[in-house]
1. Just to compare against my own numbers: the Cα pair-distance distribution for the range 162-226, 10 Å bins, whole % per bin, please.
2. Which value results for Rg/Rh of the range 111-298 when Rg is the Cα radius of gyration and Rh the Kirkwood radius based on the inverse mean 1/r?
3. Summing +1 for each Lys or Arg and -1 for each Asp or Glu, what net charge is found among the other residues whose Cβ lies under 12 Å from the Cβ of Ser191?
4. Quick one: order Ser105, Ser174 by neighbouring beta-carbon count within 10 Å, fewest to most.
5. Give the cross-link partners of Lys203 among the lysines, using a straight C-alpha distance below 21 Å as the criterion and excluding same-chain residues fewer than 8 apart.
6. Let's test the formula: R0 of 22 Å, r as the Cβ-Cβ distance of Ala114 and Gln159. What FRET efficiency results, to the nearest 0.05?
7. Assigning unit charges at the beta carbon (Lys, Arg +1; Asp, Glu -1) and nothing else, what dipole magnitude in debye, to the nearest 20, does the range 111-298 show about its Cα centre?
8. What list of ³J(HN,Hα) couplings, whole Hz, do you get for the range 97-104 from phi and the Karplus terms 6.51, -1.76, 1.60, once you set θ to phi - 60° and write x for glycine and proline?
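What follows draws every value from the coordinates through simple rules; no lab data is involved. Quick caveat: nothing in here was measured; it's all calculated off a predicted structure. Please note: Cβ atoms are built from the backbone with ideal geometry, for glycine as well, and neighbour counts cover all protein chains shown.
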Amino acid sequence: MPLCAIDIHGAAALRLALSEPVSWFRLLPRFRVVGQATIDFLSPSMSAPADLSVPKVAPGELSPALVRRAAAGEELAAAVRAAPSSSVGAVLVAGPSAELVDTKSSIIGRIPLAGLLIALSTFVVLFLSFGSLLVPAKAVVLNLLSLTATFGAMVWIFQDGHLSGLLGVTATGSLAATMPILMFCIAFGLSMDYEVFLLSRVKEEHDRSGDNTRSVALGLERTGRIVTVAALLIAVVFASFAITSGVSFMKLFGVGLTMAVIMDATLIRAALVPAFMKLAGEANWWAPAPLKRFYDRYGISDHTELPDVASEPMEVAAR
């Protein structure tokens, strides 16, 4: 029989679990407490490993079972899993602390692959739209810049506790592990929408006039209002989560995305992008000859050359 360690949220939660009529605790031969945050279930012939260390909690402090995101809880799960398997067989760990360890491991392990897929797909689509190598690279870098600034603000507010009284939240010293990933996906997609709005008009004017400075100025002028209004509308929607919800992670979701959208539509789209494109000049639209030929044949464009009807003779049917 394997050793099964479960992180229980205090004695009250343990009594509630044991009082359940169909509790699977009753199916085990016996159990005993080995730490404030862990209960191990052993058969009568088994004993806990001698080198199994359980983090000690001083009187008056919250135990890892109550502060399940504390480092002590993660250390506890690692200590139980590191127990020698020769004496008790397989070592299984459950409960919030173990769940947090597994969640973080799963997310962090897939982040490089997810980031590569997002960056690659974004680069390919933007190249097919604008025929440039610098424009897609600039879009990815500036979007990441705005998102990292947003995450820094979320750490400052929700993890460190600044402005917590104004927002009505209690700082826990950590953020929900899955929330930054969700915020990143939504904010990155929205920021790319605003990027395409702006670059489409800039590219259109550049194809017509060939003047990079003029095309950047006109593109910003023609899309500034629609980007601002779109960002304002979506920011109001996200802000409603922060204002109306009493759940901390929903406030994190609302405040974080509101800040990301406003920052992208103002600082990034209205200042950094035009400034970068002005300084880069014609390098904005450069691509190697083979890629340029590929773009000319397979590229995506909303610009269509129309015939000059003014230069064509008009035929009027006689009646």
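1. Result returned by the calculation: 19, 27, 20, 18, 14, 2.
2. 1.04
3. Its environment carries a net charge of -2.
4. Least to most surrounded, the residues fall as Ser105, Ser174.
5. Straight-line reach from Lys203, under 21 Å: Lys138, Lys278, Lys292.
6. For Ala114 and Gln159, the calculated efficiency is 0.45.
7. Approximately 220 debye in magnitude.
8. Working through the residues one at a time gives 5, 5, 4, 5, 4, 5, 5, 5 Hz.
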